[in-house]
Every structure is written in structure tokens, then in C-alpha cells.
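Down below is the structure, laid out as C-alpha cells.
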Amino acid sequence: MLPRENDPKFKEYVLDSYALLAYLEGEPGGDRVKELLEAATEGKCRLHMSMVNLGEVVYIVERERGLPKAQEALACIAELPIEIVDADYNLTLASAHLKAQWSIAYADCFAAALSQLKGAPLVTG
């Protein structure tokens with residue numbers, strides 16, 4: 001059983017696009033994301049995702065399955081207990097710094113930077 005918010009063991013997590021896609025598409029790892037979503041619904045943890053990573057989920061679904069499915073996915077995501085974090089000044093600069101240091105996709109830098117800024121583990125595939 002996961003702890004509640006006032007417990008020092010209360011956790012926050014950052015989801016990247018891969019994790020959310022695994023959940024939406026019923027892929028490997030999606031079960032773990034489902035557990036986290038259920039825990040967040042019960043107030044036992046908090047989930048975050050950057051707006052850039054949300055956009056990544058939407059464009060991947062649209063490219064692979066079409067605009068109507070992307071719109072359905074977006075409506076589904078809007079109902080999930082995930083705080084969507086805008087790409088503000090601090091997050092954007094932290095992401096740019098990571099991109100300058102490492103050879104990873106820019107969108108992944110937003111997930112990693114948000115994880116660092118929140119002090120929360122990054123849930124990915």
C-alpha cells in the first residue's frame with residue numbers, strides 16, 4: 001500500500017511519453033502505469049508530465065492511428081490524475097541544458113528536467 005501525502009514516504013512521479021503510451025496502448029509497462037494512476041486517484045501519490053511530452057503522445061497517436069484516435073487519447077488523458085506542467089522558463093532552460101550535455105531527444109529532456117526539478121523518479125520504458 002502506498003503512503004498518503006502527509007507521510008514522508010509519499011511519492012511523486014514524472015511520466016514520460018513512453019510510459020503514458022504503454023498505458024494507453026496496453027503495451028508492456030502499462031500495468032505499472034495503471035497502478036500509479038490508481039494510486040494517484042486514491043491520493044497516495046502525485047503524477048506529473050510536461051506539456052511537451054503530452055504533445056509527443058498526441059502526435060505519435062495521430063501519426064500511427066489518425067486524428068480521431070489522437071483526439072480520443074487526449075480526452076482520455078484529460079480525465080487522468082496527471083498534472084500537466086507547462087514548459088515554463090525554468091523547465092525549458094533545464095531541458096536545454098540537458099540537451100547540450102547529452103545525446104537524447106529534446107522531448108526526453110523535458111521529462112528528465114521535470115523529474116530533476118520535482119525531485120521525482122522518472123517513469124519510462
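Just so you know, all these numbers are worked out from the coordinates, no wet-lab data involved. All values derive from a computational prediction rather than experimental measurement. All Cβ positions, even for glycine, are placed from backbone atoms using ideal geometry, and neighbour counts span all protein chains on display.
In the chain, which longest range has no chymotrypsin sites (Phe, Trp or Tyr not before Pro) that are both DSSP loop (not H, G, I, E or B) and surrounded by at most 16 other Cβ atoms within 10 Å?
11-101
Just tell me the longest site-free run in the chain, where the sites are GluC sites (Glu not before Pro) in a DSSP loop having at most 15 other beta-carbon atoms within 10 Å.
80-125
For the chain, what ratio Rg/Rh do Cα atoms give with a Kirkwood hydrodynamic radius?
Rg/Rh for the chain comes to 0.97.
Place +1 on the Cβ of every Lys and Arg and -1 on the Cβ of every Asp and Glu in the chain, take the dipole about the Cα centre, and give the residue among LEU122, MET51, GLN101 whose Cα lies farthest towards its positive end.
Value: GLN101.
Based on Cβ point charges of +1 for Lys and Arg and -1 for Asp and Glu, what charge dipole magnitude is obtained for the chain about its Cα centre, in debye rounded to the nearest 20?
260
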